[in-house]
Amino acid sequence: MKVRYFDHAATTPVREEVLKEMLPYFEVEYGNASSMYVLGRRAKKAMDIARQRVANSIGAKPREIYFTSCGSESDNLAIKGIMRANRLKGKHMITSKIEHPAVLHTCQALEKEGYQVTYLNVDSDGMISLEELERAITKETVMISIMFANNEIGTIQPIRAIGKIAKKHQIFFHTDSVQAIGNVRINVEELNIDLLSMSAHKFYGPKGVGALYAKDGVPFDKIQDGGHQERDKRAGTENVAEIVGLGKAIELSYRDFETYNKKLIELREYYFKRIVQEIENVKINGHKTLRLPGNANVSFPGIEGEELLFKLDQRGICASSGSACSTGAQNPSHVLLAIGLHQELSQGTLRTTFGENNTKEDVDYLVDSLKEIIQNKKDQ
């Protein structure tokens, strides 16, 4: 049976060019980047090239890029690092109710340390209110952390406007951009972003490596003790091969940006058109236009998401009922509840996220399979 993959928000395959560039650093260029001899120097140079590629892709300077193990670590380093380093200024931060668990759980951990967190509401499209954001700011506010684009419903937040508010009030602005990299053009200077998180496996790079952009002059504490790697901000021997892969993957993502995004939007809109016309009472979640190009989040009444996924899997279709990090959770998606979906409808939700290898024929097979599964459920 052919496998049709529609879960690119969970992870993406490693591009051939990326893997090819990584392989020498597993085999012949295996030096520790902290070593002074030739193999170490070559590893360090490879990291410098990757750092430059990341910086070029988001309008940053190479020295503002810190390599980590993943997006979750980058979020932790940004949020805990900023709040702890600036605790004498204040102990309050602002985020939203629909953030990824990497942000929400980090904020909850800080609350146990005595920090205060304001969780902003979102509207039915998943958009925060800029007015509510500004009202939430106090003299104690140190940081705003709002995701660039939501991993479940795809809604893209008004990042430029948030950056302006943060700058006006002299507050640090962090954005979890794990889903946005490769799908949205980002210039950190133009958007007034102070810290930005990313993860390579979301843009056709390897799993197990991420990066944090932190603007020059932004003070943040390290959260991991050990050596002095990454300008003494992230201890541990650098994962050179995967750092090389991240650098190549982000470079390729923005080289092919226009073609890739045009294709994903066409597939998404074709999918939306067919399911609305051919399946009764479906509900599309997320903003109609301000959304990630490949994201399609749809609720199907009368069927559980877990059952839907199981029956799709039997047909060789890989999709998701929400965030991959929440798979196995018994409770409905916090994102869908925050946008006002009632519990029953939220539990019948399917997230499909398209990628570069998907075709119109794949989408036809997906829709036809959904129609058959839902009709069989009605006939029971």
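The values are calculated or read from the model by the stated rules, or taken from the named source; none is laboratory data. This one's a predicted model, so the numbers in the text were calculated from it and none came from an experiment. Glycine gets a Cβ as well: all are built from the backbone with ideal geometry, and neighbour counts include every protein chain shown. Accessible surface is based on the protein model in full, side chains and every heavy atom, while ligands, DNA and RNA are left aside. Shrake-Rupley method; radii C 1.70, N 1.55, O 1.52, S 1.80 Å.
Brief remarks follow.
- Annotation note: of Ala78, Ala149, the sole residue that is hydrophobic (A, V, I, L, M, F, W, C) and either closer than 17 Å to Phe220 by Cβ or open to solvent by 10 Å² or more (accessible area, probe 1.4 Å) (or both) is Ala78.
- Residue satisfying condition, being in contact (Cβ under 8 Å) with a residue 24 or more places away in the chain and surrounded by fewer than 22 Cβ atoms within 10 Å (Cβ to Cβ), within set Glu251, Glu280, Glu258, Glu269: Glu251
- Residue that is farthest from Ser199 (Cα to Cα) [pool: residues in segment 17-60 that are β-branched (Val, Ile, Thr), out of contact with any Lys or Arg (no Cβ under 7 Å at 6 or more places or on another chain) and open to solvent by less than 60 Å² (accessible area, probe 1.4 Å)]: Ile58
- Each residue in segment 225-248 was checked for being at negative phi, without any contact (Cβ under 8 Å) to a residue 60 or more places away in the chain and open to solvent by 20 Å² or more (accessible area, probe 1.4 Å), and 2 of them qualify.
- Candidate set from segment 84-113 (those that are touching a Phe, Trp or Tyr at 6+ places or on another chain (Cβ under 8 Å) and polar (S, T, N, Q)); member that is most open to solvent (accessible area, probe 1.4 Å): Asn86
- Of all the numbered requirements in (1) open to solvent by 10 Å² or more (accessible area, probe 1.4 Å); (2) touching a Pro at 6+ places or on another chain (Cβ under 8 Å), Asp194 misses one, and that requirement is (2).
- The helices (runs of 4 or more DSSP H) located wholly in segment 98-214 that include 2 or more residues which are more than 25 Å from Ile284 (Cβ to Cβ) and in contact with a Lys or Arg (Cβ under 9 Å, 6 or more places away or on another chain) occupy 101-112.
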